[in-house]
Amino acid sequence: MPLLPMSPPVFSILSALVSDRSGLHFDAVSAPVFAEKVAARASEAGFDSLLDYYYFLRYDPAGSGELDRLVEALVVGETYLFRELAPLETLVSHLVAPLVESGRRPRIWCAACATGEEPHTVAMLLADRGLLDAVDLVASDISAAALARARAGRFGRRALRQEMPALAAPWLSLNERTVEVRPALTAAIDWRQINLIDDAAVAALGTFDVILCRNVLIYFNEQTTRQVIDRLSARLRVGGALFVGISESLLRFGTSLSCEEQNGVFLYRKIT
């Protein structure tokens, strides 16, 4: 079945609707991918007109649930185990371990974790240092489907794109098609469905010593990025740190957080 055509006006109103719900930003460059995914989702939902689909999403009482399913279809969930490992090692050794040694119980939040490879990696690093039971590790994503996969602890072999580190051996089992995580490790993570543009939902998580929001901000426009940064900053305890992706920077956004370098890794510290 050919994909439903999307005119520029329909792209404008549909992308605005998605942005209002999720914060995801789509421009002219990303319009073809947006149109393809929306058309596929609309057809699956039984619509033969994207304008009718928009009116359903916008005005029908059942539209809210379908809009959530559309957002899930649009979310980019590219991630894998041990991705950008150095910042995670620094997080554990330079931030979390000293807090535990001082008698504190640190709280870590992996925001927008997709299918859970990042929090599972953090959990393995913590377990390797004997710290897993001494911290609270929260992981969240906007997508219920992604979180279901994360909670299952079962990934395709592409989730492991390098030689498995020795520290992972107690926790991972491999076969030709899958990488499976021991249930005890997955159970140590508090999985939550959270939309990063939802003030109340984010605030309800409490405060954290470390927040990871890596390779996420690039999918927001500048205004939404500033809002998300402010929201995450408010959830940091004084002295806490925010980690973003190695290709991302907060400096141009005028954040109140202080940029620091530790062990060759950049992080953003809450000073006051």
Point to revise | Residue count for region 17-54, restricted to those that are open to solvent by 50 Å² or more (accessible area, probe 1.4 Å), part of a helix (DSSP H, G or I) and closer than 18 Å to ILE142 by Cα | key: 3
Exercise for review: Write out, first by first residue and then by second, each pair whose Cβ atoms fall under 7 Å of each other, whose residues are 6+ apart or on separate chains, and whose first residue, in region 151-180, is more than 20 Å from TRP191 (Cβ to Cβ) while the second is at pLDDT 95 or above and open to solvent by 70 Å² or more (accessible area, probe 1.4 Å).
Suggested key: LEU167/ASP128
Exercise for review: Go through (1) assigned to a helix (DSSP H, G or I); (2) among the β-branched types (Val, Ile, Thr); (3) surrounded by 21 or more Cβ atoms within 10 Å (Cβ to Cβ) and name the single condition ILE218 misses.
Suggested key: (3)
Point to revise | Residues that are aliphatic (A, V, I, L, M) and either closer than 16 Å to GLU118 by Cα or under 14 Å from the mean Cα position of the chain (by Cα) (or both), drawn from region 185-200 | key: LEU185, ALA187, ALA188, ILE189, ILE194, LEU196, ILE197
Practice item. Would you be able to say whether some residue in region 201-213 is in a helix (DSSP H, G or I) and either modelled with pLDDT under 95 or more than 19 Å from the chain's Cα centre (by Cα) (or both)? Key: no
Exercise for review: Those residues that are crowded, with 24+ Cβ neighbours inside 10 Å, over 21 Å from LEU196 (Cα atoms) and among the small types (Gly, Ala, Ser), I need them from region 95-136; list them, please.
Suggested key: ALA123
Check your understanding: open to solvent by 10 Å² or more (accessible area, probe 1.4 Å) and under 14 Å from the mean Cα position of the chain (by Cα) - does that describe any residue in region 81-93?
Key -> yes
**Study point:** Extreme residue, nearest to SER22 (Cα to Cα), among residues of region 231-253 that are modelled with pLDDT of 95 or more and either out of contact with any helix residue (DSSP H, G or I) (no Cβ under 7 Å at 6 or more places or on another chain) or open to solvent by 70 Å² or more (accessible area, probe 1.4 Å) (or both)
**Key:** LEU232
Exercise for review: State whether the residues of region 2-14 include one that is of a type in the set (Val, Ile, Thr), over 13 Å from LEU70 (Cα atoms) and in a helix (DSSP H, G or I).
Suggested key: yes
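The values are calculated or read from the model by the stated rules, or taken from the named source; none is laboratory data. This one's a predicted model, so the numbers in the text were calculated from it and none came from an experiment. No Cβ is skipped: glycine too gets one built from the backbone with ideal geometry, and neighbour counts run over all protein chains shown. Just so you know, the surface numbers come from the protein's heavy atoms only, side chains and all, with ligands and any DNA or RNA stripped out. Shrake-Rupley method; radii C 1.70, N 1.55, O 1.52, S 1.80 Å.
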